[in-house]
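For reference, the structure is listed below as structure tokens.
The values are calculated or read from the model by the stated rules, or taken from the named source; none is laboratory data. Just so it is clear, the model here is predicted, and its values are computed rather than measured. With ideal geometry, Cβ positions are generated from the backbone for all residues, glycine too; neighbour counts draw on all protein chains shown. Only protein heavy atoms, including side chains, enter the accessible area calculation; ligands, DNA and RNA are left aside. Shrake-Rupley method; radii C 1.70, N 1.55, O 1.52, S 1.80 Å.
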Amino acid sequence: MSFLDEIQSYRYEDVLSRIMAKNAEDVQRALLSERLRIDDFMALLSPAADPCIEKMALKSHSLTRQRFGNTILMYAPLYLSNVCTNGCRYCGFNATNRAHRQTLTLDEIEREATIIHNRGFRHILLVTGEATHVAGNDYIVAASERIRHLFCSISIEVYPMDESGYRQMVAAGVDGLTIYQETYDPKLYAEMHPFGRKRDFAFRLQAPERGGAAGLRRIGIGALLGLGQFRAEGFFIGLHALHLSRHYWRTQISASLPRICPAEGGFAPLNPVSDREFVQLICALRLLLPDIGLALSTRESATLRDNLLPLGITQMSAGSCTSPGGYANPEKGTRQFDINDDRTPAEVERMIRSKGYEAVWKDWDSCFLDRTAPSGI
Ligand code: SF4
């Protein structure tokens, strides 16, 4: 059964009502449970869990230490192109925004990659919009092959591909995929994506499964917080990660919870998520899924990142630029969104160390790849 089949048995509004109906007793039961059931997870996402956030945070901290030790994996995004044919209402690269459009040449990509490499990173995330006429599969393959000698792990955050596209990426040395559903509410999804290929909710939703079947070793999912109701979004992220972990057990699943940041076009969050609610969501996910990675980007402020670090986070970006060519020319180009933590990678590493953790720049080498083995079960 695919995840699409699985979520068709849940209506977004009903899930939210069930979460909102949970009470203090349900929350206590969930906190005492060794292995959360779906109803326990709902209880931890509910308003009734608010008085127990500190308890959830302690449990989340201890589970994360057990499973991941004191390590935080460091990564950096590299924006290859901001040309996009989609109309996502919340994004600075939306086709209708008057952004300065740029697609990096291979030489420019290598220059950006070298700056990132020189800052210590060995894990890189290649990002594009959706414009296959200028930045399609062959372009991403060429980019990956060009910079492969600089990194031990290359992930992509691009448009959804079919399985053969992901196999092409694996063959080019890509081992990770990040793809956020943005919102798991199909109605809101249709409103937020008025035109372009991204309108296809189901094709995007099934992309992580196609990536898993193609043998990608890391898959990151998530929702853009501020669009839908965060409690229901959190529930569907948890369900999705659970499904992927069960079906693609050779793949490391991670989740990310990006909150909407100011962007070109001036989109304001429809349902803002407070810092406290954000913490609740991170802890609830950790309690449901002790083994998944939880990523925290520079969208969040330095203070919040420092405080969230011990609560369940396992991966962090640092020193990020969100425009193509932005590492070499920070002043040039339109950013996808404004970052909130502008510390250098070295400063972030010092902060991580001061909290008793170790920043890990390399935890993998592509020579471990067994490209002959299937990933799914
Ligand atoms: S979110 Fe991605 S697909 Fe949507 S407009 Fe922005 S770059 Fe394009």
- Query: surrounded by fewer than 21 Cβ atoms within 10 Å (Cβ to Cβ) and either modelled with pLDDT under 95 or assigned to a loop (DSSP other than H, G, I, E, B) (or both) - does that describe any residue in segment 49-68?
  - Reply: no
- Query: touching a Gly at 6+ places or on another chain (Cβ under 8 Å), part of a loop (DSSP other than H, G, I, E, B) and farther than 26 Å from Ala43 by Cβ - does that describe any residue in segment 197-213?
  - Reply: no
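Does Gly238 satisfy the condition of being out of contact with any Pro (no Cβ under 8 Å at 6 or more places or on another chain) and surrounded by fewer than 20 Cβ atoms within 10 Å (Cβ to Cβ)?
Values: out of contact with any Pro (no Cβ under 8 Å at 6 or more places or on another chain): yes; surrounded by fewer than 20 Cβ atoms within 10 Å (Cβ to Cβ): no.
For Gly238, the condition - out of contact with any Pro (no Cβ under 8 Å at 6 or more places or on another chain) and surrounded by fewer than 20 Cβ atoms within 10 Å (Cβ to Cβ) - is not met.
Search segment 75-115 for residues being more than 16 Å from the ligand (Cβ to nearest atom) and among the charged types (D, E, K, R), and hand back the single one that is most open to solvent (accessible area, probe 1.4 Å).
Step one: of segment 75-115, the residues more than 16 Å from the ligand (Cβ to nearest atom) are 75-76, 105-115.
Of the ones still in play, those that are also among the charged types (D, E, K, R) are 107-108, 110-112.
Working: Asp107: 97, Glu108: 53, Glu110: 51, Arg111: 128, Glu112: 5 Å².
Ranking the qualifying residues of segment 75-115, first place goes to Arg111.
Restricting to segment 263-308, name every residue that is of a type outside the set (A, V, I, L, M, F, W, C), touching a Leu at 6+ places or on another chain (Cβ under 8 Å) and closer than 25 Å to Leu244 by Cα. Let's see the steps before the verdict.
In the first step, residues of segment 263-308 are kept if they are of a type outside the set (A, V, I, L, M, F, W, C); the result is 264-266, 269, 271-272, 274-277, 280, 286, 290-291, 293, 297-301, 303, 305-307.
From what's left, touching a Leu at 6+ places or on another chain (Cβ under 8 Å): 269, 271, 275, 280, 286, 290, 293, 300, 305.
Selection gives Gln280, Arg286, Pro290, Gly293.
Please verify whether Arg111 is over 17 Å from the mean Cα position of the chain (by Cα) and either under 18 Å from Arg217 (Cβ atoms) or at pLDDT below 95 (or both), treating the condition exactly as stated. Steps first, please.
Details: over 17 Å from the mean Cα position of the chain (by Cα): yes; either under 18 Å from Arg217 (Cβ atoms) or at pLDDT below 95 (or both): no.
So Arg111 does not fit the description; no.
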- Query: Condition test on Arg250, is it among the charged types (D, E, K, R), over 30 Å from Arg101 (Cβ atoms) and outside any helix (DSSP H, G or I)?
  - Reply: yes
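Determine whether Ile116 is outside any loop (DSSP other than H, G, I, E, B), among the hydrophobic types (A, V, I, L, M, F, W, C) and in contact with a helix residue (DSSP H, G or I) (Cβ under 6 Å, 6 or more places away or on another chain).
Numbers: outside any loop (DSSP other than H, G, I, E, B): yes; among the hydrophobic types (A, V, I, L, M, F, W, C): yes; in contact with a helix residue (DSSP H, G or I) (Cβ under 6 Å, 6 or more places away or on another chain): no.
So Ile116 fails the test.
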- Query: Within the bounds of segment 157-178, is there any residue that is open to solvent by less than 30 Å² (accessible area, probe 1.4 Å), of a type in the set (Val, Ile, Thr) and in a loop (DSSP other than H, G, I, E, B)?
  - Reply: yes
- Identity of the residue in segment 119-154, farther than 18 Å from Trp364 by Cα and of a type in the set (S, T, N, Q), that ends up least open to solvent (accessible area, probe 1.4 Å): Thr128
- Query: For segment 246-268, does any single residue satisfy the condition of being of a type in the set (Ser, Thr, Tyr), without any contact (Cβ under 8 Å) to a residue 60 or more places away in the chain and open to solvent by 10 Å² or more (accessible area, probe 1.4 Å)?
  - Reply: no
- Conditions (1) part of a helix (DSSP H, G or I); (2) open to solvent by less than 20 Å² (accessible area, probe 1.4 Å): number failed by Thr303: (2)
- Residue check for Glu34: assigned to a loop (DSSP other than H, G, I, E, B), free of Cβ contacts under 8 Å to residues at least 60 places away in the same chain and either open to solvent by 20 Å² or more (accessible area, probe 1.4 Å) or in contact with a Cys (Cβ under 7 Å, 6 or more places away or on another chain) (or both): yes
- Item | Filter pass, Leu58 being more than 16 Å from the ligand (Cβ to nearest atom) and of a type outside the set (Asp, Glu) | yes
- So which residues in segment 180-203 are within 10 Å of the ligand (Cβ to nearest atom) and under 16 Å from Pro160 (Cα atoms)? Tyr180, Glu182, His193, Gly196, Arg197, Lys198
- Looking only at residues in segment 179-207 that are open to solvent by less than 10 Å² (accessible area, probe 1.4 Å) and without any contact (Cβ under 8 Å) to a residue 60 or more places away in the chain, which one is nearest to the chain's Cα centre (by Cα)? Ile179
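Give the residue that is least open to solvent (accessible area, probe 1.4 Å), with candidates limited to residues of segment 326-360 that are of a type outside the set (Ser, Thr, Tyr) and within 16 Å of the ligand (Cβ to nearest atom).
Kept after step one, since they are of a type outside the set (Ser, Thr, Tyr), are these residues of segment 326-360: 326, 328-333, 335-343, 345-353, 355-356, 358-360.
If we keep only those that are within 16 Å of the ligand (Cβ to nearest atom) too, we end up with 326, 333, 335-339.
Working: Gly326: 1, Gly333: 35, Arg335: 115, Gln336: 45, Phe337: 23, Asp338: 68, Ile339: 47 Å².
The residue in question is Gly326.
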